[in-house]
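Accompanying notes for the structure given below.
The values are calculated or read from the model by the stated rules, or taken from the named source; none is laboratory data. Note that the structure is predicted; figures quoted are calculated from it, not measured. Neighbour counts run over all protein chains shown; Cβ positions are idealised from the backbone, glycine included. Please note that ligands, DNA and RNA were not included when accessible areas were found on the heavy atoms of the full protein model with its side chains. Shrake-Rupley method; radii C 1.70, N 1.55, O 1.52, S 1.80 Å.
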Amino acid sequence: MKNKKLICLIMTVFMAANAAVPAFADTESDIREQRSIAKEALSETKGAISELKEQQQAIQQEIDGIDADIVDLMIQIDQAKQDIETTQGQIEEKQSEIEDTTAQIEAKEAEIVKTEGEIEVTEQELEAANERKDKQYADMKKRIQFIYENGGDIGWATLILNEDDITSFFNKAEYTQQLHEYDREKLEEYINTIHEIEDLKAQLESQKAALEGQKADLEHEKAVLEAHKKALEEQKEIYEIQKAGLEENEQILEQRLAEAEAKKDNYSYMIAQARERASRIESLISEYNSQLQRIQEIKEAQRRAAEEAARREAERRAAEQAAREAAQRESASQSSSSSSSSSGSSSSSSSGSGSSGSSSSGSSSSGKKSGSDIVDYADQYVGNPYVWGGNSLTGGIDCSHFVTAVLRNTGNYSGDYRTSGEWLSAGEKVNSLSEAKAGDVICYSGHVAIYDGNGGIVEAKGSKWGITHDRTADHTTILGIRRVN
């Protein structure tokens with residue numbers, strides 16, 4: 001809203017500045033009025049330039065702030081990218097650990113399968129050993145039964161003792177001893193084998209349990225790793241969302257920055273335009289000052305010319321008065337020869353002289369023209385040229401000099417030259433146009449004319465038209481009506 005108000009102010013100032021650039025004003029009051037307008041426009045333009053500079057500085061501060069915000073966002077985006085890359089590395093690391101753990105689990109499963117196979121083989125071996133033990137035990141029982149059925153120890157001993165020679169005796173005895181030792185060794189061997197197989201089975205089952213425990217631990221570790229990986233992937237998604245939001249904010253700030261830069265450039269353009277117009281207005285004011293200086297010079301020259309003309313007129317009147325006095329003295333001298341007649345003549349002459357003086361005075365008083373005479377006098381110059389600052393009814397004259405010259409020449413005004421503004425205080429005030437009479441002075445802004453009594457005016461209209469009698473008195477705003485006749 002403030003920017004719109006500022007732009008409206010600047011446009012108003014520019015229009016005022018442009019409006020305040022006529023080629024030349026008609027009168028001194030016109031120039032002073034236009035100079036006042038130009039000074040006001042210059043002041044408003046400089047004020048607008050100051051306000052534009054403030055707005056430009058505010059925009060620059062906004063641009064600096066946006067730049068700082070963009071830098072902060074870029075840092076945050078880079079950090080988010082690093083977080084994403086770090087998290088991705090951790091995810092990949094966890095994935096590698098998961099794969100290693102999976103391989104270990106698979107290896108443990110293979111070892112468990114292998115151990116289970118070994119346990120199965122061991123169980124088969126244990127079963128075979130038990131069968132051999134049972135067979136050996138059965139064979140032993142048969143031999144013992146045989147010995148027992150053949151007289152037990154006595155029978156067995158009798159069988160040995162019935163041998164014919166000692167060698168056979170010892171051979172049989174040794175054989176019997178070997179048979180007992182063999183049975184005992186085999187039995188012990190089978191028992192040891194069974195114990196070994198049972199120990200091996202227990203060991204394998206313990207190993208299998210350990211492997212299954214290790215597998216369970218690895219599976220737990222894998223579950224932990226997968227959970228960690230999932231958390232990292234969720235964290236990565238959060239970082240991705242944050243990064244996308246930061247990048248969107250960066251785009252918004254970039255757009256705001258571009259708009260602010262455009263506003264700054266626009267302010268720079270408006271400031272340049274305002275300075276150009278301020279320079280034009282300053283040149284215009286300088287021209288007005290020069291015109292006013294020329295007017296003062298013209299007025300001074302006119303004053304001197306008027307003084308010179310008055311001096312010459314006074315000299316002429318003094319010479320005429322001296323001539324009249326000389327004639328009167330000569331006449332008095334010629335009539336002094338007859339005393340009575342001379343005295344009567346002298347009285348008559350004296351009386352006549354007094355009447356003549358009174359008549360002259362009356363003539364001077366009655367020398368003023370009527371309103372219609374003033375208009376008729378003014379009309380005879382219609383068509384003559386307009387010259388700004390001029391005072392010749394035939395060679396060129398402006399509006400205020402025209403009114404002054406017409407009223408002077410008709411005997412209705414004997415004062416000094418008046419500008420269009422100064423005519424507002426001359427004579428008597430007429431309240432309205434309906435009360436105006438022919439010969440009254442109509443005053444406008446920077447202009448003055450003579451009323452014709454029928455709604456029109458006689459005026460020195462301008463350099464394009466000259467002296468005219470073609471406009472109505474109310475063609476524009478009337479500032480005042482004065483009666484001087």
Response to the item:
Note: among 201, 186, 215, just one is within 30 Å of residue 110 (Cβ to Cβ), among the basic types (Lys, Arg), open to solvent by less than 70 Å² (accessible area, probe 1.4 Å) and at pLDDT below 85, namely 201
Worksheet entry | Odd one out for residue 433, checked against (1) open to solvent by less than 60 Å² (accessible area, probe 1.4 Å); (2) closer than 20 Å to residue 383 by Cβ | (2)
Item to complete: Go through the stretch 443-485 and give me each residue that's open to solvent by less than 30 Å² (accessible area, probe 1.4 Å), closer than 26 Å to residue 368 by Cα and outside any strand (DSSP E or B).
Response: 452, 455, 473, 484
Worksheet entry | Failed item in (1) of a type outside the set (Ser, Thr, Tyr); (2) in contact with a helix residue (DSSP H, G or I) (Cβ under 7 Å, 6 or more places away or on another chain); (3) under 30 Å from residue 261 (Cβ atoms), with residue 94 passing the rest | (3)
Worksheet item: For the subset of the stretch 363-387 comprising residues that are assigned to a loop (DSSP other than H, G, I, E, B) and farther than 12 Å from residue 466 by Cβ, which member is modelled with the lowest pLDDT?
Response: 366
Response to the item:
Here the qualifying pairs (Cβ atoms under 8 Å; residues six or more apart or on different chains; first in the stretch 283-311 and under 18 Å from residue 397 (Cα atoms); second open to solvent by 60 Å² or more (accessible area, probe 1.4 Å)) come out as 291/24; 292/32; 302/391
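Test residue 36 against the criterion of being surrounded by fewer than 16 Cβ atoms within 10 Å (Cβ to Cβ), modelled with pLDDT of 55 or more, among the hydroxyl-bearing types (Ser, Thr, Tyr) and closer than 27 Å to residue 421 by Cβ, and give yes or no.
Details: surrounded by fewer than 16 Cβ atoms within 10 Å (Cβ to Cβ): yes; modelled with pLDDT of 55 or more: yes; among the hydroxyl-bearing types (Ser, Thr, Tyr): yes; closer than 27 Å to residue 421 by Cβ: yes.
Taking the combined requirement at face value, the residue satisfies it.
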Worksheet item: Could you list, in sequence order, the residues of the stretch 211-251 that are among the hydrophobic types (A, V, I, L, M, F, W, C) and free of Cβ contacts under 8 Å to residues at least 12 places away in the same chain?
Response: 216, 223, 224, 227, 231, 238, 241, 244
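Give the stretch 392-409 a look and list any residue that's outside any helix (DSSP H, G or I) and surrounded by fewer than 22 Cβ atoms within 10 Å (Cβ to Cβ), or say none.
Those that are outside any helix (DSSP H, G or I) and surrounded by fewer than 22 Cβ atoms within 10 Å (Cβ to Cβ): 392, 393, 394, 395, 396.
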